[in-house]
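**Q** I have a structure here, written as structure tokens, and I will follow up with some questions on it.
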Amino acid sequence: MKTITEQNLRALVDALISDGKRVVGPRVAGTMTLYEPLTGGAELALGELPRRSAKETFLPLCETILTYEQGKEAVHLGDVDPVRLPETVLIGARPCDVAAAPVLDAVFSWDYRDEFFLERRRKTTIIGLACTGGDDACFCTAMGLSPADSTGSDLFLTPLKGGSFRCDAITDKGTALLAAHAGLFADGTGEPLPLAEPALGALDLEKIRAWLDGHFEDPLWEEIAARCAGCGACAFLCPACHCFDIVDEGGTAKGARRKSWDACGFGKFTNHASGHNPRDVQPQRYRNRIMHKFKYYVDKFDQRLCTGCGRCIRACPVGIDIAAVLEEINDK
Amino acid sequence: MTTTAHTIDPALYAAATAALRQEARTVLENGTAAAVIGWQAGRRAGSALPAIVTDPAGAEQLIFAPGCVNNLALYLTKAKKEVRGKGRLAIVVKGCDLRALAGLIGENQLNRADIYIIGIACPGVYGAHADRRLPLAEETVAPKCRECTVHTPTGVDVTVGTLPDLPAFTPREAAELARLEAMTPAERWRFWKEHFSRCIRCYACRQVCPFCYCEQCLCDRNRPQAVETTPRPAGNMAWHIVRAMHLAGRCAGCAECERVCPMDIPLNLLNRKMAKELKALYGFEAGLEPQEKGPLTSYREDDDQSFIK
Ligand code: SF4
Ligand code: SF4
Ligand code: SF4
Ligand code: SF4
Ligand code: SF4
């Protein structure tokens, strides 16, 4: 068994950076913690669940995919080559963030292969971290995961009493990283710190899917979602939500084509060019959110678009609680 | 539980809750309203969420507690047509929320006769990231409540609950505003640039604002695009300037936009600054009485025209 001290974990970040890698990890950013590129191991802040999820390591909030500039003779197109994206190590990511990465792989490599996402994924090594602090919004266990789940991680850290971490190599990428920095790890064991205890009991996810199957029309949608304000907070903070928009921005002389997050809660999300909007009111939009996560995606990819991280619950301006919604369906 | 000078007695909320349920049941039974918009308890400790109750028996689920943070005026706007379609609505409002109703009436979005206003005597509510297992106190109270002057709403159809003398919380927003005003324009620009750089364009601030009811927001337009929609510095700055200008003289100061911002951007500071400017320039305050029209949407012969050069 391998272990690493907290000091050496920070040294690992420094070593990776000096190897020329981009290292992304939880970092204090003003009033919150965010997953951001680190400039050194000292910045690693493992205490608090980052406000936004780790998905932005693969699916940035906004990225340029093409540029254009009007030249004298012709328009110059600048193609952004994903091959030039940097090798990345995502460190200290919570199980509920990491478990979403393989879920996203399914949709981004399906009928269309999203080279930006897939190249970032290919170039990223994930060092997951068992979770010792949660709150009553967390429900990873109800989603079939756990605060100690290594799904999606290449290397997995478990905090031990006394401040060091147990390291388990999960994939070849993880083994390679461990081997490359063997000097920072030691042989040994220790007693794990108590894990977080998510608040929700077990849910019958198959039963929930079956109920959704037969209840596209149901008073529940109106009851729950008439209050929905229709913002993007839940989707933007979610590790598994992945809808994006592509827009051209700039003028006639020069500009860029950009890809940025979108959300099914937005009123204009399904607005057709004709002016017709098939999801006309908020309850229909919220229904889509639940259906997509717990039925459509399950039907299509046999996975769920939710890892129980609770971010949408904490952020919802009107207190809509996806765990409570699932509980309600589960009890039907 | 011991009640220190700076803790609000939970019994105040319990009494208001009982009175609120009684009133809601009555208005639903006697047909005064087809639905009552209030708050109900959420699953998590100390949480509450907006409730739309149509059945007298459902009045029992209504609560008033420190977690009742939402300004429910949102549900009376045309942005929530599925709620408005229910018929004549009764709405529960705190003093601060009432300003938004007055504004909506002033903008001809609401007819006073079409709504039944249940004012609630409010000792204060939780701040955005308060630990809701704790009682309301100096550490947990919302910034706006520290400086609240409208704990007991007036001009409503009925008021539920009563308040004793409340503890004085230490004001913060006024001090923060003063700090900002003391900055040089360059420092202030830097302050806001830094804050706006964090904006992810989730539009939670817009979606909870009772005055953001436009069916076509300028910031959603793409043919032609008026404001860049991607969360980058240029578009973010433009979005926040549009927001501030569009709400100047209309913003009711409910601070909902700031409360819901997942990126902790202090939007209410900007709102308050704009309100101050409007007061200095036009002697106008978004108040508790429905106004004919706000200063930026009306013309008077004696308007200051010195800026036209
Ligand atoms: S749906 Fe909510 S709880 Fe589930 S993964 Fe997304 S943000 Fe987390
Ligand atoms: S559920 Fe909440 S966070 Fe999601 S769109 Fe509706 S109001 Fe916004
Ligand atoms: S500002 Fe006043 S009325 Fe509004 S929530 Fe706070 S204490 Fe209550
Ligand atoms: S701008 Fe903010 S403070 Fe003003 S009315 Fe809208 S939500 Fe309330
Ligand atoms: S709520 Fe905050 S992050 Fe979202 S659009 Fe408004 S200012 Fe930006």
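The values are calculated or read from the model by the stated rules, or taken from the named source; none is laboratory data. Please read all numbers here as calculations on a predicted model, not as lab measurements. Glycine also receives a Cβ, built like all others from the backbone with ideal geometry; neighbour counts cover every protein chain displayed.
**Q** Here are A:Asp204, A:Asp213, A:Asp245, A:Asp280: which of them is more than 19 Å from the chain's Cα centre (by Cα), away from ligand 1 (no atom under 16 Å from the Cβ), surrounded by fewer than 20 Cβ atoms within 10 Å (Cβ to Cβ) and without any contact (Cβ under 8 Å) to a residue 60 or more places away in the chain?
**A** Numbers: A:Asp204 fails: without any contact (Cβ under 8 Å) to a residue 60 or more places away in the chain; A:Asp213 fails: without any contact (Cβ under 8 Å) to a residue 60 or more places away in the chain; A:Asp245 fails: more than 19 Å from the chain's Cα centre (by Cα).
Only one candidate passes the filter, namely A:Asp280.
**Q** Here is a follow-up. Got a sec? Which of B:Pro231, B:Pro171 is away from chain A (no Cβ under 14 Å) and either more than 29 Å from B:Tyr299 (Cα to Cα) or without any contact (Cβ under 8 Å) to a residue 24 or more places away in the chain (or both)? Spell out how you get there, then give the answer.
**A** On the way: B:Pro231 fails: away from chain A (no Cβ under 14 Å).
So the residue among B:Pro231, B:Pro171 that is away from chain A (no Cβ under 14 Å) and either more than 29 Å from B:Tyr299 (Cα to Cα) or without any contact (Cβ under 8 Å) to a residue 24 or more places away in the chain (or both) is B:Pro171.
**Q** Just give me the residues in the range A:76-100 being under 11 Å from A:Ile126 (Cα atoms) and touching a strand residue (DSSP E or B) at 6+ places or on another chain (Cβ under 7 Å), in sequence order. Outline the logic, then answer.
**A** Initial filter on the range A:76-100 (under 11 Å from A:Ile126 (Cα atoms)): A:88-95, A:97-99.
If the condition is that a residue be under 11 Å from A:Ile126 (Cα atoms) and touching a strand residue (DSSP E or B) at 6+ places or on another chain (Cβ under 7 Å), then A:Thr88, A:Val89, A:Leu90, A:Ile91, A:Gly92, A:Ala93, A:Arg94, A:Pro95, A:Val98 are the ones that fit.
**Q** Moving on to the next point. Read through the list (1) free of Cβ contacts under 8 Å to residues at least 12 places away in the same chain; (2) among the small types (Gly, Ala, Ser); (3) in contact with a strand residue (DSSP E or B) (Cβ under 7 Å, 6 or more places away or on another chain), then give the number of the only condition that A:Gly71 fails.
**A** Result: A:Gly71 fails condition (3) only.
**Q** Which is of a type in the set (A, V, I, L, M) and closer than 28 Å to B:Val53 by Cα, of A:Ala253, A:Ala225?
**A** Numbers: A:Ala253 fails: closer than 28 Å to B:Val53 by Cα.
When all the criteria are applied, what remains is A:Ala225.
**Q** Inside the range B:226-292, counting only helices (runs of 4 or more DSSP H) that do not spill past its ends, which hold 3 or more residues that are within 16 Å of ligand 5 (Cβ to nearest atom), among the small types (Gly, Ala, Ser) and not assigned by TED's automatic domain parsing to the domain that holds B:Ala128?
**A** Helices (runs of 4 or more DSSP H) meeting the threshold: B:233-247.
**Q** Using the structure shown, decide if A:Ala225 is touching a residue at least 40 places away in the same chain (Cβ under 8 Å) and either more than 30 Å from A:His76 (Cβ to Cβ) or crowded, with 17+ Cβ neighbours inside 10 Å (or both).
**A** yes
**Q** List every residue pair whose Cβ atoms sit under 6 Å apart, with the two residues 6 or more apart in sequence or on different chains, where the first one lies in the range B:203-224 and is within 11 Å of another protein chain (Cβ to nearest Cβ) and the second, anywhere, is in a helix (DSSP H, G or I) and of a type in the set (D, E, K, R).
**A** Sorted first by the residue in the range B:203-224, then by its partner, the pairs are B:Val208/B:Glu256; B:Cys212/B:Arg206.
**Q** Are any residues in the range A:171-195 surrounded by 18 or more Cβ atoms within 10 Å (Cβ to Cβ) and in a loop (DSSP other than H, G, I, E, B), and if so, which ones?
**A** Matches in the range A:171-195: A:Phe185, A:Leu195.
**Q** Hey, another quick one. Is at least one residue of the range B:197-209 assigned to a loop (DSSP other than H, G, I, E, B), within 16 Å of ligand 1 (Cβ to nearest atom) and not polar (S, T, N, Q)? Show your work before the answer.
**A** The initial filter retains those residues of the range B:197-209 that are assigned to a loop (DSSP other than H, G, I, E, B), namely B:198-203, B:209.
So of that shortlist, the ones also within 16 Å of ligand 1 (Cβ to nearest atom) come out as B:200, B:202.
Within this subset, residues satisfying the condition of being not polar (S, T, N, Q) are B:200, B:202.
Among the residues of the range B:197-209, at least one is assigned to a loop (DSSP other than H, G, I, E, B), within 16 Å of ligand 1 (Cβ to nearest atom) and not polar (S, T, N, Q), which makes the answer yes.
**Q** Could you identify the single residue in A:Ala210, A:Ala240, A:Ala273 that is in contact with a helix residue (DSSP H, G or I) (Cβ under 6 Å, 6 or more places away or on another chain) and of a type outside the set (Val, Ile, Thr)? Step through it out loud before you land on a result.
**A** Working: A:Ala210 fails: in contact with a helix residue (DSSP H, G or I) (Cβ under 6 Å, 6 or more places away or on another chain); A:Ala273 fails: in contact with a helix residue (DSSP H, G or I) (Cβ under 6 Å, 6 or more places away or on another chain).
Answer to the selection: A:Ala240.
**Q** So which pairs qualify, if the first residue must be in the range B:8-22 and farther than 20 Å from B:Ala57 by Cβ, the second must be hydroxyl-bearing (Ser, Thr, Tyr) and assigned to a loop (DSSP other than H, G, I, E, B), the Cβ gap must be under 8 Å, and the two must be at least 6 apart or on different chains?
**A** Sorted first by the residue in the range B:8-22, then by its partner, the pairs are B:Asp9/B:Thr3; B:Ala15/B:Thr162.
**Q** Continuing with this model, one more query. I'd like to know if the range A:125-141 contains one or more residues that are assigned to a helix (DSSP H, G or I), under 25 Å from A:Gly20 (Cα atoms), more than 16 Å from ligand 2 (Cβ to nearest atom) and away from every other protein chain (no Cβ under 14 Å).
**A** Step one: list which residues in the range A:125-141 are assigned to a helix (DSSP H, G or I), which gives A:141.
With under 25 Å from A:Gly20 (Cα atoms) added as a condition, the list becomes none.
No, there is no match, as no residue in the range A:125-141 is assigned to a helix (DSSP H, G or I), under 25 Å from A:Gly20 (Cα atoms), more than 16 Å from ligand 2 (Cβ to nearest atom) and away from every other protein chain (no Cβ under 14 Å).
**Q** Can you tell me which condition A:Phe244 does not meet? The list is (1) aromatic (Phe, Trp, Tyr); (2) touching a strand residue (DSSP E or B) at 6+ places or on another chain (Cβ under 8 Å); (3) more than 30 Å from A:Phe117 (Cα to Cα), and all the others hold.
**A** Condition not satisfied by A:Phe244: (3).
**Q** Only one residue in A:Gly275, A:Gly310 is within 14 Å of another protein chain (Cβ to nearest Cβ), closer than 22 Å to A:Glu206 by Cα and not acidic (Asp, Glu), so which one is that? Don't jump to the end; show me each part of the working.
**A** Numbers: A:Gly275 fails: closer than 22 Å to A:Glu206 by Cα.
Within the list A:Gly275, A:Gly310, the selection yields A:Gly310.
**Q** Out of (1) out of contact with any helix residue (DSSP H, G or I) (no Cβ under 7 Å at 6 or more places or on another chain); (2) surrounded by 14 or more Cβ atoms within 10 Å (Cβ to Cβ), the odd one out for A:His76 is which?
**A** Of everything listed in (1) out of contact with any helix residue (DSSP H, G or I) (no Cβ under 7 Å at 6 or more places or on another chain); (2) surrounded by 14 or more Cβ atoms within 10 Å (Cβ to Cβ), A:His76 misses just condition (2).
**Q** For the range A:144-160, enumerate the residues that are farther than 12 Å from A:Asp97 by Cβ and among the hydroxyl-bearing types (Ser, Thr, Tyr).
**A** Hits for the range A:144-160 are A:Ser146, A:Ser150, A:Thr158.
**Q** Also: When residues of the range A:79-110 are filtered for being surrounded by fewer than 20 Cβ atoms within 10 Å (Cβ to Cβ) and at pLDDT 90 or above, how many remain?
**A** First pass over the range A:79-110, keeping only residues surrounded by fewer than 20 Cβ atoms within 10 Å (Cβ to Cβ): A:79-87, A:102, A:105-110.
Now narrow it down to the ones that are at pLDDT 90 or above: A:86-87, A:102, A:105-110.
Qualifying residue count for the region: 9.
**Q** Here is a follow-up. Residues of the range B:37-73 being within 16 Å of ligand 1 (Cβ to nearest atom) and not polar (S, T, N, Q), which ones? If you could, list the steps in order and put the result at the bottom.
**A** We begin by selecting, within the range B:37-73, every residue within 16 Å of ligand 1 (Cβ to nearest atom); these are B:42-44, B:47, B:49.
Answer for the range B:37-73, where residues must be within 16 Å of ligand 1 (Cβ to nearest atom) and not polar (S, T, N, Q): B:Gly42, B:Arg43, B:Arg44, B:Leu49.
**Q** Continuing with this model, one more query. Which count do you get for residues in the range A:253-265 that are away from chain B (no Cβ under 11 Å) and not in a strand (DSSP E or B)? Working first, answer last.
**A** In the first step, residues of the range A:253-265 are kept if they are away from chain B (no Cβ under 11 Å); the result is A:253-254, A:264.
Next cut, not in a strand (DSSP E or B) only: A:253, A:264.
Qualifying residue count, the range A:253-265: 2.
Matching residues to (1) of a type in the set (D, E, K, R); (2) within 14 Å of ligand 4 (Cβ to nearest atom):
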position	(1), (2)
B:Leu89	no, no
B:Val93	no, yes
B:Arg99	yes, yes
B:Ala102	no, yes
B:Gln109	no, yes
B:Gly124	no, no
B:Ala128	no, yes
B:Arg133	yes, no
B:Cys145	no, yes
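**Q** Would you pick out the residues in the range B:31-76 that are within 11 Å of chain A (Cβ to nearest Cβ), touching a helix residue (DSSP H, G or I) at 6+ places or on another chain (Cβ under 6 Å) and surrounded by fewer than 21 Cβ atoms within 10 Å (Cβ to Cβ)?
**A** Scanning the range B:31-76 gives B:Gln40, B:Arg43.
**Q** Let me ask something additional. Can you name the residue in the range B:77-102 that is assigned to a helix (DSSP H, G or I) and among the small types (Gly, Ala, Ser) and is also surrounded by the most Cβ atoms within 10 Å (Cβ to Cβ) among such residues?
**A** Residues of the range B:77-102 assigned to a helix (DSSP H, G or I): B:78-84, B:95-102.
If we keep only those that are among the small types (Gly, Ala, Ser) too, we end up with B:79, B:95, B:100, B:102.
Details: B:Ala79: 22, B:Gly95: 20, B:Ala100: 26, B:Ala102: 20.
Filtering the range B:77-102 for residues that are assigned to a helix (DSSP H, G or I) and among the small types (Gly, Ala, Ser), the one surrounded by the most Cβ atoms within 10 Å (Cβ to Cβ) comes out as B:Ala100.
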